[in-house]
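The values are calculated or read from the model by the stated rules, or taken from the named source; none is laboratory data. Just so it is clear, the structure is predicted and the values come from calculations on it, not from any experiment. Counting neighbours? That spans all protein chains shown, and the Cβs are built from the backbone with ideal geometry, glycine included. Please note that ligands, DNA and RNA were not included when accessible areas were found on the heavy atoms of the full protein model with its side chains. Shrake-Rupley method; radii C 1.70, N 1.55, O 1.52, S 1.80 Å.
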Amino acid sequence: RTGKMPREDTMTSFARIKDEVNVRLPQCIEEVLGPVKEYNPKQVEEWCNSLGATVLEKVQELSGNFKYIVNISLMEKKGAGFHTSSSTFWDPESDAGTSYRWENKALICVVQVFGIGM
């Protein structure tokens with residue numbers, strides 16, 4: 001997704017906005033995936049693109065002082081095991097990440113957001 005970064009602000013540590021990001025993530029997921037009642041592999045790309053754009057828009061509203069990475073994992077809920085993890089090498093004073101797991105009767109979704117200070 002391309003677009004202008006929001007106005008300058010004084011927030012320079014992603015850890016300081018992490019709680020608000022965690023509040024917005026389930027709202028974004030519900031907006032995009034809440035109405036989905038069954039898994040459809042032909043719609044997964046559309047769901048992921050829409051969710052990624054929604055999450056990016058919401059986190060950019062919080063602060064424009066970061067480069068953001070949004071990773072979405074989406075799978076059909078069939079009782080299979082599901083695990084995801086990330087490793088990072090960054091400045092812990094400015095950079096951080098968070099993840100949120102959401103599910104309904106048809107889907108399991110994990111959204112990871114990383115904020116890298118500029």
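Being within 14 Å of the chain's Cα centre (by Cα) and either without any contact (Cβ under 8 Å) to a residue 24 or more places away in the chain or buried (at least 17 other Cβ atoms within 10 Å of the Cβ) (or both): is that true of Leu56 here?
yes
Whether any residue in segment 52-64 is part of a loop (DSSP other than H, G, I, E, B), within 23 Å of Asp19 (Cα to Cα) and of a type in the set (S, T, N, Q) is what I want to check. Working first, answer last.
Step one: of segment 52-64, the residues part of a loop (DSSP other than H, G, I, E, B) are 63-64.
Now narrow it down to the ones that are within 23 Å of Asp19 (Cα to Cα): 63-64.
From the residues that got through so far, the ones that are of a type in the set (S, T, N, Q) too are 63.
Yes; the residues of segment 52-64 include at least one that is part of a loop (DSSP other than H, G, I, E, B), within 23 Å of Asp19 (Cα to Cα) and of a type in the set (S, T, N, Q).
What number of residues within segment 38-51 are closer than 13 Å to Leu107 by Cα and part of a loop (DSSP other than H, G, I, E, B)?
Looking only at that region, the number is 5.
Test Asn22 against the stated conditions and say whether it is open to solvent by 70 Å² or more (accessible area, probe 1.4 Å), within 16 Å of the chain's Cα centre (by Cα) and farther than 21 Å from Met118 by Cβ.
Here the answer is no, as Asn22 does not meet what is asked.
Looking for something under 20 Å from Asp19 (Cα atoms), open to solvent by less than 70 Å² (accessible area, probe 1.4 Å) and either at pLDDT below 95 or assigned to a helix (DSSP H, G or I) (or both) - is there at least one such residue anywhere in segment 74-91?
Yes; the residues of segment 74-91 include at least one that is under 20 Å from Asp19 (Cα atoms), open to solvent by less than 70 Å² (accessible area, probe 1.4 Å) and either at pLDDT below 95 or assigned to a helix (DSSP H, G or I) (or both).
Anything in segment 103-113 that is under 16 Å from the mean Cα position of the chain (by Cα) and open to solvent by 20 Å² or more (accessible area, probe 1.4 Å)? List them, or say none.
Glu103
For Pro35, work out the one condition from (1) in contact with a strand residue (DSSP E or B) (Cβ under 8 Å, 6 or more places away or on another chain); (2) in a loop (DSSP other than H, G, I, E, B); (3) of a type outside the set (A, V, I, L, M, F, W, C) it doesn't fulfil.
(1)
Looking only at segment 12-55, which residues are within 17 Å of Tyr100 (Cβ to Cβ), out of contact with any Leu (no Cβ under 8 Å at 6 or more places or on another chain) and not aliphatic (A, V, I, L, M)?
Of everything in segment 12-55, those that are within 17 Å of Tyr100 (Cβ to Cβ), out of contact with any Leu (no Cβ under 8 Å at 6 or more places or on another chain) and not aliphatic (A, V, I, L, M) turn out to be Phe14, Lys18, Asp19, Asn22, Pro26, Gln27, Glu30, Glu31, Gly34, Ser50, Gly52, Thr54.
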